[in-house]
Amino acid sequence: MADRISVRDVRASDLDVCARLLAARHRRDRERTALLPEEYEDEGRCRELLEGLLAEPLADGAVAEVGGTTVGFAFGQRALHAADHWLAQYFPPRVVAIPVHGHAMAESVETASAYRALYGYLSDGWVAGGFFNHRIEFVASDAEQRELWFRMGFGAVTTYAGRDVSPIPAGALGERIEIRRATPEDHAEVDRLESVNGRFHHAGPVFWPYLWDDVRASASGLSKYALERDRHGIFLATRSAESGVETLGMQMLFSGMAFGPAAATPERAAYLFHGIVDPDLRGGGVGSALLERSLDWARESGHEYVTLHYASMNPLGGPFWESRGFEAITYSAERRIDDRVAWARPR
Ligand SMILES: CC(C)(COP(=O)(O)OP(=O)(O)OC[C@H]1O[C@@H](n2cnc3c(N)ncnc32)[C@H](O)[C@@H]1OP(=O)(O)O)[C@@H](O)C(=O)NCCC(=O)NCCS
């Protein structure tokens, strides 16, 4: 079967077939992952997503054909992340990402061969253009996708997860500890806790670059914006002592802003952007009490779900969210190409 697959650039006239393939894949995904939004079972809604990709100057797309019939497609989005933007903490400066709505394959073909052909075709151009970091986003419950990208050299980087807003019972907190809503006056403490979060992610096994000094103005601008708007929810855990009140932890949630992929985000979802507790207080129930409050807020402000990202290898955050009902919706997996290919080449 593999030798019969051919690949070419995508054209506008392919979009109907691609939308049909994407909607069919989404229907299969929803049977395994009920959190996925129903609306993308509709081919028209899928087509709108694909039209967006086709119109993007930095997106490249290709289709796979067997005997003149289109059996699959993939789009990758090249992205350049400014070194001082808060997003630089989560993405390499030059990265290509195939989004969860940017690929699908007919069930009738040998999936791994067809994806290999598509990725090989597209990635030649990416590497030639100096894009050595490649990401793929796929539905976490799709074992075939996990296996085929693993075999192409990709490993999980981030997990996008969600749960409904039903309450969680948090245990009793220590004396004089309370959870309250943050105000703009708390901005300095919110900044401090963000830098604590960065320090945690710098250590093994996560090993993310600690870019707080570089991105501080941008990250701080985002939290200031959130603190000044009623529609977002930022909660602090504080403890009063004789010397004053100290801050112990924070959760920051955004409402109505697209931090997660549209095709993988349940309707009416709030996004939990930061969850962080000071190192010497972890394991004492502060994180659970903050989450209890965040879920209450999400429910009371009309949300039905909460979604969030975590580093897939995070030894504290991963188990914490999972044991509190968050289910993995998608994985982003990454492959770093050995950049010596740029000069170590046959001539
Ligand atoms: C994830 C985090 C916010 C949870 O806050 P927390 O106050 O530790 O949460 P809790 O005490 O309510 O629960 C922590 C759980 O880990 C367990 N635990 C055991 N040892 C622990 C330790 N040394 N540190 C943290 N948790 C520990 C707790 O017993 C508890 O287990 P349970 O799930 O069976 O109840 C906190 O660990 C943290 O700040 N981690 C670093 C930053 C991070 O990973 N943030 C999430 C990014 S997406």
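The values are calculated or read from the model by the stated rules, or taken from the named source; none is laboratory data. None of these values were measured; they are calculated from a predicted model. Reconstructed Cβ throughout: ideal geometry from the backbone, glycine too, with neighbour counts over all protein chains shown.
Yes or no, residue by residue, for (1) of a type in the set (Val, Ile, Thr); (2) within 22 Å of residue 37 (Cα to Cα); (3) more than 16 Å from the ligand (Cβ to nearest atom):
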position: 248; (1), (2), (3): no, no, no
position: 280; (1), (2), (3): no, no, no
position: 296; (1), (2), (3): no, no, no
position: 304; (1), (2), (3): no, yes, yes
position: 312; (1), (2), (3): no, no, no
position: 319; (1), (2), (3): no, no, no
position: 331; (1), (2), (3): no, yes, no
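What do you reckon, is residue 253 surrounded by 15 or more Cβ atoms within 10 Å (Cβ to Cβ) and either assigned to a helix (DSSP H, G or I) or away from the ligand (no atom under 16 Å from the Cβ) (or both)?
Against the criterion (surrounded by 15 or more Cβ atoms within 10 Å (Cβ to Cβ) and either assigned to a helix (DSSP H, G or I) or away from the ligand (no atom under 16 Å from the Cβ) (or both)), residue 253 does not qualify.
Going by the conditions given, is residue 289 in a helix (DSSP H, G or I), among the aliphatic types (A, V, I, L, M) and away from the ligand (no atom under 12 Å from the Cβ)?
no
For residue 245, only one of the following conditions fails: (1) hydrophobic (A, V, I, L, M, F, W, C); (2) under 19 Å from residue 86 (Cβ atoms); (3) at pLDDT below 95. What is its number?
(2)
Which ones in segment 39-82 are touching a Phe, Trp or Tyr at 6+ places or on another chain (Cβ under 6 Å) and assigned to a helix (DSSP H, G or I)?
46, 53
What pairs can you find where one residue is in segment 30-55 and over 15 Å from residue 266 (Cα atoms), the other is of a type in the set (Ser, Thr, Tyr), and their Cβ atoms are less than 8 Å apart, with a gap of 6+ or different chains?
46/40; 49/40
Looking at 285, 256 in this structure, which one is on the phi > 0 side of the Ramachandran plot and within 21 Å of the chain's Cα centre (by Cα)?
Only one candidate qualifies: 256.
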